[in-house]
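Here is the structure we will look at, set down as structure tokens.
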Amino acid sequence: MILRKRFAVLSVVLILGLLLSSCSFTTQPAVPTIDAIALQATVDAAVAQAVLATALNQTSTAAVLPTSTFTATLEPIATETATATATPQPTATIQYIVVTNTFIPPTNTYIPPTQKPSATATPAWYSCVVFNISPSTGTKMKANADFDAVWKVRNNGTKAWEPGYVDLKYLSGTKMQTVADVFDVNSSVAQGGEITLTVDMRAPSSAGKYAASFVLVMEGTTMCTLPVNIEVTP
């Protein structure tokens with residue numbers, strides 16, 4: 001606004017200058033001496049008049065024109081609020097497992113041995129058992145004394161003994177028999193029957209303990225053993 005006022009004042013001054021110069025060229029009088037102080041006063045008066053005229057012009061214009069009041073209406077702007085839905089994350093649960101070493105004392109529990117079933121012997125065709133011996137084991141006698149070895153035997157086989165098929169044989173030990181080493185059994189013995197066998201013997205001449213063994217044999221099969229045990233005293 002101040003620049004426009006200055007521009008208007010300068011324009012008025014220039015116009016006045018041109019008018020004055022035109023007048024001097026037409027009359028061509030004697031050129032007077034221009035008083036600098038008077039010229040400055042004239043210019044200042046012209047500028048003040050121009051400024052006053054401009055101010056009055058603007059005031060009248062402002063009075064005529066209606067006052068325009070601008071009211072800015074602010075419209076609400078819809079704001080989209082983004083609601084972030086947080087997806088729940090699984091929570092890691094730390095479990096502590098406590099291992100407890102519990103001492104369990106050993107229990108001495110007696111476990112009886114398992115009894116194995118006893119095998120049932122299959123009855124043999126030819127078998128025997130000695131149930132009486134004379135002299136008894138450890139009988140004492142004098143040196144060179146005569147005595148009879150007597151065995152009572154039972155047939156516990158499944159077949160009877162036929163005469164002439166059973167033999168009494170010397171097997172081992174001190175030979176104390178006086179007749180022979182093999183004897184024929186000439187008697188039949190039924191199943192479960194009993195028989196008495198006798199062998200003539202003589203005690204050794206030296207003191208000590210002596211033993212001998214005889215067996216009953218049926219067609220090459222040993223049915224049982226017949227022992228003799230004595231002690232010779234001096």
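Each row is one residue, and each column tells you yes or no for (1) in contact with a helix residue (DSSP H, G or I) (Cβ under 7 Å, 6 or more places away or on another chain); (2) closer than 14 Å to Ser127 by Cβ; (3) surrounded by 14 or more Cβ atoms within 10 Å (Cβ to Cβ).
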{"residue": "Lys169", "(1), (2), (3)": "no, no, yes"}
{"residue": "Thr174", "(1), (2), (3)": "no, no, yes"}
{"residue": "Thr178", "(1), (2), (3)": "no, no, no"}
{"residue": "Val185", "(1), (2), (3)": "no, no, yes"}
{"residue": "Val189", "(1), (2), (3)": "no, yes, yes"}
{"residue": "Ile195", "(1), (2), (3)": "no, yes, yes"}
{"residue": "Ser205", "(1), (2), (3)": "no, no, no"}
{"residue": "Phe214", "(1), (2), (3)": "no, no, yes"}
{"residue": "Thr221", "(1), (2), (3)": "no, yes, no"}
*Regarding Thr225, is this residue loosely packed, with under 13 Cβ neighbours inside 10 Å and touching a strand residue (DSSP E or B) at 6+ places or on another chain (Cβ under 6 Å)?*
no
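Computed from the coordinates by the stated procedures, all read-outs in this text should not be read as laboratory data. As the structure is a prediction and not an experimental result, all values here were calculated from the model. A quick note on method: Cβ atoms are made from the backbone with ideal geometry, for glycine too, and the neighbour counts reach across all protein chains shown.
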